[in-house]
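Heads up: the structure comes next, in C-alpha cells.
The values are calculated or read from the model by the stated rules, or taken from the named source; none is laboratory data. Here the structure is a predicted model, which means the values were calculated and not measured. Note that each Cβ is placed from the backbone with ideal geometry, even for glycine, and that neighbours are counted across all protein chains shown.
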Amino acid sequence: MIRKSGGRCFIIFLLFSHEFVMTDRYAVIGNPIAHSKSPLIHAAFARQSGQDMSYEAILAPLDGFAETVGKFRAAGGKGLNVTVPFKVEAWQLASRLTERARLAQAVNTLKFEADDAILGDNTDGAGLVRDIVHNQDHPLQGKRILLMGAGGAARGVLLPLLEQQPAALFVVNRTAAKALELQHPFAAHGHVEAGGYADLAERQFDVVINATSSGLSDQLPPLPPGVFATGALAYEMMYGRDTPFMVFARQQGAARIADGLGMLVEQAAEAFLLWRGVRPQTAPVIGQLRA
C-alpha cells in the first residue's frame, strides 16, 4: 500500500500471515574443494524433498578454517559439510558433539544451533553401514569384519560397525601399535581386536573394508591369501577407480566388490537428515552419479 503524506510517499508493506523467508544456506568446506560431488548430491536431495535450500562449495585457506566458518555462519549459513584437511579442526570447533563424533575425534558435519551452539557430527560410519546393509544387501550382524587402517577414516566408522553387533571386528594396520590404540576408546561399545597383517594368517572374514589411502598410490596392503571367506564382501572406501585392493579381492574370489560411492551419498543423506529432518532417497542419486 502506498500512502502520500507531506509531499512524500511512504510504502507500507502489510505482511499479514506471510513472512519473508530466505533460502537456507549450506555448503561443503575443504582445501582442495573443486572436485567435490557434495553440491550435486545435496541439490538432488533438495529437489526430491522440496526443501528450500542452497548448497555451495567453499575453499578455505589452510590456516583460516575457523574464520571461514565464522563468516559463513554470520552471513546466515545453517550448516556445513567438512572435508580434508579440516575434520579435526571441525571437531575442535564444535561446542557439542554426537557420540560417534566424539569417538572419531573428527567431524564432517556442522549444524549451527539456535542457541549459538555448534553441533558436530561424523556421518561417515553411518553412511558406510547403510551402503553395505541396504544398498549392497549384506547384513553385518554376526559377521566377521576386517577393517584395514587405523587413521581417521577407520576411526570414524568403528562405532557404527560395532553397533551392528558383528561376531568379530579386527582392525589391522601396517604399524600394529596404531591399531592397538583403538581398542581402549571403543571398549565400552564392543570387542575390538587389533594387530598387524602378520596376525591375519589363517583367518577369514565375511567383510573386508579398506579404510587406508593405499589406493591413491596404487599400492596393495599386505593382505594374506585366503583372507576372504566364502560369500565375502570386499569394500573399498575410495571410488571412481579399480584399486589394487579391488583387483586382489577379485582374484581371491570375493563374492562382491564395492567402492565407496554409495558411502559418499549415504553419509551426505545422514547430514541432510540432521539439518532438515528429512531422509532423502539415495538410490536415484547413486545411479545418477554412476551414470
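Matching residues to (1) more than 26 Å from Q183 (Cα to Cα); (2) out of contact with any Gly (no Cβ under 7 Å at 6 or more places or on another chain); (3) not charged (D, E, K, R):
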site	(1), (2), (3)
D63	yes, yes, no
V69	yes, yes, yes
G76	yes, yes, yes
N81	yes, yes, yes
P85	no, yes, yes
A90	no, no, yes
E99	no, yes, no
A104	no, no, yes
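Of all the strands (runs of 3 or more DSSP E) wholly in region 127-229, which have at least 2 residues that are more than 21 Å from the chain's Cα centre (by Cα), in the same structural domain as A249 (by TED's automatic domain parsing) and farther than 25 Å from Q251 by Cα?
Answer list for region 127-229: 193-195.
Taking region 260-278 as the range and being over 15 Å from the mean Cα position of the chain (by Cα) and not in a helix (DSSP H, G or I) as the test, the residues that pass are G277, V278.
Taking the condition of being under 23 Å from the mean Cα position of the chain (by Cα) and either in the same structural domain as N108 (by TED's automatic domain parsing) or assigned to a helix (DSSP H, G or I) (or both), how many residues in region 245-259 meet it? Adding up the residues that qualify gives 2.
For region 94-125, the set of residues classified as more than 22 Å from R276 (Cβ to Cβ), in contact with a helix residue (DSSP H, G or I) (Cβ under 8 Å, 6 or more places away or on another chain) and free of Cβ contacts under 8 Å to residues at least 60 places away in the same chain consists of A104, Q105, A106, listed by residue number. For region 119-136, the candidate set comprises residues that are more than 19 Å from S38 (Cβ to Cβ) and among the aliphatic types (A, V, I, L, M); within that set, the residue that is surrounded by the fewest Cβ atoms within 10 Å (Cβ to Cβ) is V133.
Counting just the residues of region 255-265 that are among the small types (G, A, S) and surrounded by 22 or more Cβ atoms within 10 Å (Cβ to Cβ), which one comes out farthest from V157 (Cα to Cα)? For region 255-265, the residue satisfying everything is A258. Within region 250-265, the set of residues being charged (D, E, K, R) and without any contact (Cβ under 8 Å) to a residue 60 or more places away in the chain comprises R250, D259. Can you tell me which residue is farthest from V208 (Cα to Cα) among those in region 266-291 that are without any contact (Cβ under 8 Å) to a residue 60 or more places away in the chain and exposed (fewer than 14 other Cβ atoms within 10 Å of the Cβ)? My answer is G277.
Of the residues making up region 43-78, those that are surrounded by 14 or more Cβ atoms within 10 Å (Cβ to Cβ) and assigned to a loop (DSSP other than H, G, I, E, B) are Q51, A60.
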